[in-house]
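Values in this text are rule-based calculations from the coordinates and carry no lab data. Model, not experiment: these values are computed from the prediction. We place every Cβ from the backbone using ideal geometry, glycine too, and count neighbours over all the protein chains shown.
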Amino acid sequence: MRRSLFALPLFLAAHAFAGGELLPAGARFAGMGYTGLTTPDLWSIRLNPAGLAGLDRPMAGAFYQSHWLSADLAQQGLAVAVPLGKGTFGLSGDRFGYSLYNETKVTAGYAMRFGE
């Protein structure tokens, strides 16, 4: 048990963003200055997957966002969330960039409420 507790911070520190930029999605998050960590929303799958637990019906969404006034540096994405039993399963994917440089991100998550 003691070894597990010692190893946990090492694994948590392994998830670090080394360069690149985290580009959140969704008009609601943009309108809130990208501070929607506590908002239960479809786009929570990208910022805080625990927010999926607040959904009570299936949802799907798509977005297109042009960055820096250039169509080449646009971001497109899809997201789906489906309540299953006690929790909600979410899946999202997006692409940023053009033929010479691009980033692709796929995210899956499951969230459920505790208590109540």
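Listed here are the residues, each with its yes/no results for (1) surrounded by 14 or more Cβ atoms within 10 Å (Cβ to Cβ); (2) over 17 Å from the mean Cα position of the chain (by Cα); (3) outside any loop (DSSP other than H, G, I, E, B).
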{"residue": "A25", "(1), (2), (3)": "yes, no, no"}
{"residue": "G36", "(1), (2), (3)": "yes, no, no"}
{"residue": "Y64", "(1), (2), (3)": "no, no, yes"}
{"residue": "Q75", "(1), (2), (3)": "yes, no, yes"}
{"residue": "T88", "(1), (2), (3)": "yes, no, yes"}
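Restricted to the stretch 38-50, and to residues that are part of a helix (DSSP H, G or I) and not basic (K, R), which residue is farthest from K86 (Cα to Cα)? Before you say what the answer is, go through the steps one by one.
Step one: of the stretch 38-50, the residues part of a helix (DSSP H, G or I) are 44-47, 49-50.
Narrowing the set further to residues that are not basic (K, R) leaves 44-45, 47, 49-50.
Details: S44: 18, I45: 17, L47: 21, P49: 15, A50: 13 Å.
Among those that are part of a helix (DSSP H, G or I) and not basic (K, R), it is L47.
Of the residues A53, A30, A81, the single one that is surrounded by 15 or more Cβ atoms within 10 Å (Cβ to Cβ) and part of a helix (DSSP H, G or I) is A53.
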